Amino acid sequence: MQNETAIRMAIFHWLKSWEPWNGGIFSGSELNNGIQIDDRRITLKGQTGIWFPQGFSVPLSITTSNKGPYQLDDIGDDGLVTYAYRGTDPDHRDNRGLRDAMRTRTPLVYFKEVQNHKYQAIWPVIIIDDFPGQLCVRAAIDPAYRDLRPGTQFGDIDVSPLDVRRYAWGQTRHRLHQNAFREMVVSAYDDRCAICRLNHPELLDAAHIIPDSDERGTPVIPNGLSLCKIHHAAYDKNILGIDPEYRVHIREDILLERDGPMLKHGIQELDGSSLILPKRVAERPDRERLEVRFTEFRSA
Ligand SMILES: [Zn+2]
């Protein structure tokens, strides 16, 4: 069995390898199932917020759920996250673990629930302040702990300056919002593409009806559409449009093209079809926003 530091680094490596595929979002069951390292299976998060795998002296992860009692946990304007102790006893083993992580500058993973048992992995996070009187610690994401060589001692790493840590949290917060929007929209459509019904979440995006660069382009479900990668790109490029009556239109010049099965079945034959809508009326696409966007499609 490898030592605690090597296992922790292997877990960071595993999280990193998934980022391009899932944006760092994991289901609760994936995290509970964990990963196999040599002859051990390591669970990545615990039932309570502060998690020590068997034999670990310092916690591996901290978790916040949307519904949990730990309302204090959040990312502040100073770019630091406040994480509440477990319970009210500063000497509880879990709370001492947070202090040990601070003392040894051991990086942790912060799992933040973004939607129904889906968690954003935020790492590497180091504990930088302890407030026993307020029953909480303060943590920073520190990129200096991201790419570590085997044999590295955590205590030997220079903590990044404050502005670097603030910038890292700013980036993370942005990603958190985008991922939360994606999870909300895709689940409103029961993990299907609104145009072709494709039921593979790993191939689905949340498309904005009004882009987020526009002030009306807010990240709310009625400004979103769950679309597969092809239909998302086709919508963004005005190859297809959606009118306020939820009908799909394919651009005229595209309808005249001749090509393989993707163009024929995946695009041209969808002309005039109806959008698949969320069951809840409040989650359906906003007709006014569709209208604005459809006008733009018409003039393309
Ligand atoms: Zn599709």
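Of the residues in region 174-200, how many are within 17 Å of the chain's Cα centre (by Cα), surrounded by 16 or more Cβ atoms within 10 Å (Cβ to Cβ) and within 16 Å of the ligand (Cβ to nearest atom)?
Qualifying residue count for the region: 4.
Would you check if Gly151 is on the phi < 0 side of the Ramachandran plot, exposed (fewer than 14 other Cβ atoms within 10 Å of the Cβ) and away from the ligand (no atom under 16 Å from the Cβ)?
no
So that you can scan it fast, the table gives a plain yes or no per residue for (1) without any contact (Cβ under 8 Å) to a residue 60 or more places away in the chain; (2) of a type in the set (Ser, Thr, Tyr); (3) within 17 Å of Leu225 (Cβ to Cβ):
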{"residue": "His249", "(1), (2), (3)": "yes, no, yes"}
{"residue": "Leu255", "(1), (2), (3)": "yes, no, no"}
{"residue": "Gly266", "(1), (2), (3)": "no, no, yes"}
{"residue": "Gly272", "(1), (2), (3)": "yes, no, no"}
{"residue": "Leu277", "(1), (2), (3)": "no, no, yes"}
{"residue": "Glu288", "(1), (2), (3)": "yes, no, yes"}
{"residue": "Arg298", "(1), (2), (3)": "yes, no, no"}
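Take the residues in region 143-157 that are within 16 Å of Leu108 (Cα to Cα) and not in a helix (DSSP H, G or I), then tell me which one is modelled with the highest pLDDT.
Result: Ile157.
Taking the criterion of being under 26 Å from Asn32 (Cβ atoms), modelled with pLDDT of 95 or more and part of a loop (DSSP other than H, G, I, E, B), would at least one residue in region 107-125 satisfy it?
Yes, some residue in region 107-125 is under 26 Å from Asn32 (Cβ atoms), modelled with pLDDT of 95 or more and part of a loop (DSSP other than H, G, I, E, B).
Hey, among the residues in region 158-173 that are in a helix (DSSP H, G or I) and of a type in the set (Gly, Ala, Ser), which one's surrounded by the most Cβ atoms within 10 Å (Cβ to Cβ)?
Ala168
Between Arg251, Arg280, which is surrounded by fewer than 17 Cβ atoms within 10 Å (Cβ to Cβ), in contact with a helix residue (DSSP H, G or I) (Cβ under 8 Å, 6 or more places away or on another chain) and within 21 Å of His208 (Cα to Cα)?
On the way: Arg251 fails: surrounded by fewer than 17 Cβ atoms within 10 Å (Cβ to Cβ).
Testing whether each residue is surrounded by fewer than 17 Cβ atoms within 10 Å (Cβ to Cβ), in contact with a helix residue (DSSP H, G or I) (Cβ under 8 Å, 6 or more places away or on another chain) and within 21 Å of His208 (Cα to Cα) leaves just Arg280.
Is at least one residue of region 66-86 exposed (fewer than 14 other Cβ atoms within 10 Å of the Cβ), among the hydroxyl-bearing types (Ser, Thr, Tyr) and either at pLDDT 90 or above or within 29 Å of Val164 (Cβ to Cβ) (or both)?
No: region 66-86 contains no residue that is exposed (fewer than 14 other Cβ atoms within 10 Å of the Cβ), among the hydroxyl-bearing types (Ser, Thr, Tyr) and either at pLDDT 90 or above or within 29 Å of Val164 (Cβ to Cβ) (or both).
Can you tell me which residues in region 220-248 are away from the ligand (no atom under 15 Å from the Cβ) and either outside any loop (DSSP other than H, G, I, E, B) or touching a Cys at 6+ places or on another chain (Cβ under 8 Å) (or both)?
Once the filter is applied, which keeps residues that are away from the ligand (no atom under 15 Å from the Cβ) and either outside any loop (DSSP other than H, G, I, E, B) or touching a Cys at 6+ places or on another chain (Cβ under 8 Å) (or both), region 220-248 yields Ile221, Pro222, Asn223, Arg247.
The values are calculated or read from the model by the stated rules, or taken from the named source; none is laboratory data. Keep in mind it's a predicted model, so treat the numbers as computed, not measured. Because the Cβ atoms are built from the backbone with ideal geometry, glycine has one as well, and the counts that use them run over all protein chains shown.
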